[in-house]
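Novice: Pasting a structure below so you can have a look.
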Amino acid sequence: MHASPVALSAARDRRRPLRYLVRVPLLLLHILIAPLLAVVVALLPAHSARDAGHEPLAHRLVRWWSARLLRIFGMRVRCAGEPLADPVLFVANHVSWLDIELLHTQRAACFVAKAEIAGWPLVGWLAARAGTLFHRRGSTHSLGTVMAVMVARLRQGRAVAVFPEGGIDHVSSAYRVRTFHARIFQAALDAPVPVQPVALAYRRDGALWEGATFLPGESFLGNFMRLLGESGLQAEVTFLAPVVASGDGRRRLAEAARDAIATHLEQHP
């Protein structure tokens, strides 16, 4: 089996050991801060206070930690568009496990993620502390429970974020936006709250970079270490125009959100 261009590029990168020498100590220090930060966030009010013109301190701490983590990985975050005020359902394409942290640099939303993430080193623990809802794919009972909690948090005035594709595409392009599962959009109709599509991308020299996702046969730890040693990248989050419910209900919402993200990525390769 031939190695992918991304893997070959990583193998030929002579500066990678030097990046590890600098970034690993910074990452370890950042990890040591995480438990203290989690305790502080848990003690502070989680509800939005944007109606008073102020972002809750707990949300600012989450955004700071996430932004710093991406910076340690050598990524500069670029944001475009304007996120809606809470409560809102953010729906995004799924490229990398870093997507949660990328969106968290802009908004401290409650995420819905696959149950496997809960077992990932560091990431799973952080996700759980941040209020992530873990869904076991293929389980109707699990989805029903998650949907109920989503509606409750939206009605409490929180922002919730989901990846309606259901997972990361390990086969074709990381930026081929697959079908959005419509049922998850029912939470926005039940709450009721607006739905805002969010396009996520990782770029090198301005072009979409396929290496942010998992390579064939690559484990989470392997992907983690490979990304930690990469040269400078740009992590991009674009808030698109909200989609409006129509007579077709959740299916039309899902199709409109998916089309908006796919169109944006096609127009900005």
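The values are calculated or read from the model by the stated rules, or taken from the named source; none is laboratory data. Quantities reported herein were computed from a predicted structural model and do not represent experimental measurements. For neighbour counting, all protein chains shown are included, and Cβ atoms are generated from backbone atoms with ideal geometry for every residue, glycine included.
Novice: I'd like to verify a number: residues in segment 195-236 that are over 30 Å from ARG155 (Cβ atoms) and β-branched (Val, Ile, Thr), how many?
Specialist: Total satisfying the criteria: 1.
Novice: Determine if segment 47-57 includes at least one residue that is closer than 26 Å to VAL160 by Cβ, modelled with pLDDT under 70, surrounded by fewer than 14 Cβ atoms within 10 Å (Cβ to Cβ) and in contact with a helix residue (DSSP H, G or I) (Cβ under 8 Å, 6 or more places away or on another chain).
Specialist: no
Novice: Within the group HIS141, HIS135, which residue is at pLDDT below 65, buried (at least 18 other Cβ atoms within 10 Å of the Cβ), over 24 Å from GLU55 (Cα atoms) and not hydrophobic (A, V, I, L, M, F, W, C)?
Specialist: HIS135
Novice: Looking at segment 74-111, which of its residues are surrounded by fewer than 19 Cβ atoms within 10 Å (Cβ to Cβ) and part of a loop (DSSP other than H, G, I, E, B)?
Specialist: Just the residues of segment 74-111 that are surrounded by fewer than 19 Cβ atoms within 10 Å (Cβ to Cβ), to begin with: 74, 76-85, 106.
If the condition is that a residue be surrounded by fewer than 19 Cβ atoms within 10 Å (Cβ to Cβ) and part of a loop (DSSP other than H, G, I, E, B), then GLY74, GLY81, GLU82, PRO83, LEU84, ALA85, GLN106 are the ones that fit.
Novice: Another question, then. State the number of residues belonging to segment 211-262 that are among the β-branched types (Val, Ile, Thr), surrounded by 14 or more Cβ atoms within 10 Å (Cβ to Cβ) and more than 19 Å from the chain's Cα centre (by Cα).
Specialist: Total satisfying the criteria: 1.
Novice: Specify the residue that is surrounded by the most Cβ atoms within 10 Å (Cβ to Cβ); the eligible residues are those in segment 198-210 that are within 16 Å of TRP97 (Cα to Cα) and over 15 Å from the mean Cα position of the chain (by Cα).
Specialist: TRP209
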